[in-house]
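Engineer: What follows is a single structure, and I will ask about it in a moment.
The values are calculated or read from the model by the stated rules, or taken from the named source; none is laboratory data. Note that the coordinates shown come from a computational prediction; the quantities given were computed from them, not determined experimentally. Note that each Cβ is placed from the backbone with ideal geometry, even for glycine, and that neighbours are counted across all protein chains shown. Surface areas here come from the heavy atoms of the whole protein model, side chains and all, with no ligands, DNA or RNA. Shrake-Rupley method; radii C 1.70, N 1.55, O 1.52, S 1.80 Å.
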Amino acid sequence: MKSFVVAAAVTLSATMAFGAAADTAKLDQLLEQIKKERAIEGRANQERERAFLAERSDKQALLNTAKKQFADEEARGKRLQKQYADNDILIAQKQTELESALGTMGEVFGVVRQSANEAIGTISSSVVSAQYPGRDVPLRKIAEATELPTLQEMEDLWLAMLTEMTESGKVAKFDAEVVKLDGGVETKRVTRFGAFHVTTADEYLLRNDTTDQLQPLGRAPQAKIHSSVAAFNNAAPGELVGFFLDPTKGNSLLRLNQQRSTLMEYYHQGGTVGYLITVLLFIGFLIALERFIVLSVVGGKIRAQLKNLGNPSKDNPLGRILTVYHQNMSADVENLELKLDEAILRETPKVDRGIGMIKLFAAVAPLMGLLGTVIGMILTFQTITLYGTGDPKLMAGDISLALVTTALGLIAALPLIFVHSIVASKAKTVLHVLDEQSAGIVAAHAEKEKA
């Protein structure tokens, strides 16, 4: 292309030069230049052709090499396939030989794995692990192993089981981290009772198998059970003290006892009826207390008046009756007796005031308890109608209302009956003294009249 352009340019130049009567020498020079350029281009084309041919021979060599490598790999693949098949046969033969050689060792392997699995469950949930953590790690390796256990691994299994049995019979004290109810962790001195319980100086602890931590009960059990922990830890050396032990390791009995209702919770289950019974009991006790104090004071004044009958005082019933006698000493026996009876009748309401109300409360309290029982049973049957009897917990609240109100009614009635009896007895004592003294006064006055 370059030669054509040069030739065209030269031709055009020659034409223009010829048309313009150019110099012949210049044309000769132009011709020589064209010949030289053509020779140069020819040599360049020859060089490109030789390079192409050389490159072509190299590509052929590479292709031949690749074909040879491919053939070698195919042959190698066939050899590996044959070797793989031979190895499968050899593995099967060796497996058969291994099973034959193992004999009873295979049974031993199964027993070891089974024992390790059982020991893992026992040890991981045992409170002994709170003092000796990490004992289940080698056992898990044995349980997950696919080959025969080593002698060291079987010794680890034996040692773990022996440690569990030995520590189950010991009471040991050690320092451990205890999770507080607010989420913090505190190091405390704890006591381990075999494989049953771990306690601090004054409370039971539970071991969380998931987090491997000790934590207190969310709610303390009964007072007598809870106090046994402190009693044990405060006991002198050699002193025998009682301690409540849960054979289920705190997983059943202690947790169930923890869920028991307290007396205050039982009381609140009585509801409105229970509160009203409590109000009756409280009012009855206040009346009884007021009557007891007043009658005790009156009785003391009457006893003081008995020692000084000639000088009556109006601050006590006997003194007021004696005052009536002194005011009517000149009256006949019948009139005097009527005057004294009238005075005693005036004093009787003051002495007996409120005592009948205590008796009324003692009679009403069990009736209110019966009312609460009826209400509780009505609510229970209503719950059964709505939800059936599939879940007893749905009826527990209503049944508690029925039973607790009955108990509260009886609990209120019994002490009210006793205090009523005490107060009524003191009131009868005062009235008996008044009647006795009145009868004595009348008898003495009648004797004077006869004389």
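Engineer: Rounded to the nearest 0.05, what FRET efficiency do Leu286 and Lys141 give with R0 = 60 Å and r taken as the Cβ-Cβ distance? Could you check?
Structural biologist: 0.20
Engineer: First check a/c for region 18-90, with a ≥ b ≥ c the square roots of the eigenvalues of its C-alpha gyration tensor; if it is under 1.5, answer rounded, and if not, answer prolate when a/b is larger than b/c or oblate otherwise.
Structural biologist: In terms of gyration-tensor shape, prolate.
Engineer: Once you sort the root eigenvalues of the Cα gyration tensor of the chain as a ≥ b ≥ c, which label holds: rounded (a/c under 1.5), prolate (a/b larger than b/c) or oblate (the other case)?
Structural biologist: prolate
Engineer: A further question on this structure: Could you give the DSSP H helices of the chain that reach 20 angstrom or more along their long axis (alpha carbon positions) and whose average Kyte-Doolittle hydropathy is no lower than 1.0?
Structural biologist: 2-19, 271-306, 355-387
Engineer: Okay, next question. Per residue of the chain, what 222 nm ellipticity follows from adding -39500 (n - 2.57) for every DSSP H run with n ≥ 4, rounded to the nearest 500?
Structural biologist: Helices in the chain give a 222 nm mean residue ellipticity of -25500 deg cm²/dmol.
Engineer: Count the lysine pairs in region 300-451 whose Cα atoms lie under 22 Å apart, taking only pairs 8 or more positions apart in sequence or on different chains.
Structural biologist: Pairs that pass both the separation and distance tests number 19.
Engineer: Accessible area per residue, 1.4 Å probe, Å², for the chain: what's the number?
Structural biologist: Accessible surface, normalised per residue, equals 65 Å².
Engineer: Moving on to the next point. Are there trypsin sites (Lys or Arg not before Pro) in region 148-219 that DSSP puts in a loop and that have at most 13 other Cβ atoms within 10 Å, and which ones?
Structural biologist: When the trypsin sites (Lys or Arg not before Pro) of region 148-219 are filtered for loop state and at most 13 Cβ neighbours within 10 Å, Lys170, Lys180, Arg219 remain.
Engineer: Between beta-carbons, use under 14 Å as the cut-off and find the net charge around Gln93, counting Lys and Arg +1, Asp and Glu -1.
Structural biologist: Taking every other residue near Gln93 into account, the sum is -3.
Engineer: Moving on. Work out, step by step, the length gained on full extension between Ser227 and Tyr266: first 0.36 nm times the residue separation, then minus their alpha carbon distance; give nm to one decimal.
Structural biologist: Contour length minus the Cα-Cα distance gives 11.9 nm.
Engineer: At a 1.4 Å probe radius, which order do Leu27, Leu254, Leu240 fall into by accessible area, largest first?
Structural biologist: Result, largest first: Leu240, Leu27, Leu254.
Engineer: Based on DSSP, what percent of beta bridges with both residues in region 81-217 are antiparallel, to the nearest 5?
Structural biologist: Close to 95 percent.
Engineer: Then there is this: Please list Met161, Met368 in order of solvent-accessible area, largest first, computed with a 1.4 Å probe with all protein chains present.
Structural biologist: On the way: Met161 85, Met368 35 Å².
These residues rank, largest area first, as Met161, Met368.
Engineer: Rounded if a/c is under 1.5, else prolate if a/b is larger than b/c, else oblate: which is region 168-232, with a ≥ b ≥ c the root eigenvalues of its Cα gyration tensor?
Structural biologist: Cα axes put region 168-232 in the oblate bin.
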